[in-house]
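Working notes for the structure below.
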Amino acid sequence: MTRLVNCVKLGKEAPGLERPTYPGDLGKRIFENVSQEGWKSWVGHQTMLLNEYRLSPINPKDRKFLEEEMEKFFFGDGASSVDNFVPK
């Protein structure tokens, strides 16, 4: 049976994540409040940030930036956008 959550990103009830996707308190909040579709939208945004800003997930400074962006994306006023970015 699919677990439903009130997704903070979509603003509606939707199928929740099957397992936590991120560690710590932020990961717990995401698991409890973000749907599969909402998480998928973050993955796309994160990929854009990684590519456009040439970030490395193994660099602690870049990981901190991505975590802050994830917090804003789901629970704040929205993540940063990249100037002149045009999605395909």
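The values are calculated or read from the model by the stated rules, or taken from the named source; none is laboratory data. Just so we're clear, the structure is a prediction, and the values are computed from it rather than from any experiment. Because the Cβ atoms are built from the backbone with ideal geometry, glycine has one as well, and the counts that use them run over all protein chains shown.
Of the residues in the range 40-68, how many are in a helix (DSSP H, G or I), in contact with a helix residue (DSSP H, G or I) (Cβ under 7 Å, 6 or more places away or on another chain) and without any contact (Cβ under 8 Å) to a residue 24 or more places away in the chain?
To start, the set of residues in the range 40-68 that are in a helix (DSSP H, G or I) comprises 40-52, 60-68.
If we keep only those that are in contact with a helix residue (DSSP H, G or I) (Cβ under 7 Å, 6 or more places away or on another chain) too, we end up with 42, 45-46, 49, 66-67.
Going one step further and asking which of them are without any contact (Cβ under 8 Å) to a residue 24 or more places away in the chain, we end up with 66.
Number of matching residues: 1.
In the range 1-23, of all residues being among the small types (Gly, Ala, Ser) and outside any loop (DSSP other than H, G, I, E, B), the one that is surrounded by the fewest Cβ atoms within 10 Å (Cβ to Cβ) corresponds to ALA14.
Contact map, the range 1-18: first residue of a type in the set (D, E, K, R), second residue modelled with pLDDT of 95 or more and in a loop (DSSP other than H, G, I, E, B), Cβ cut-off under 7 Å, separation 6 or more or different chains; pairs are LYS9/VAL34. Of all positions in the range 18-27, at least one carries a residue that is modelled with pLDDT of 95 or more and on the phi > 0 side of the Ramachandran plot.
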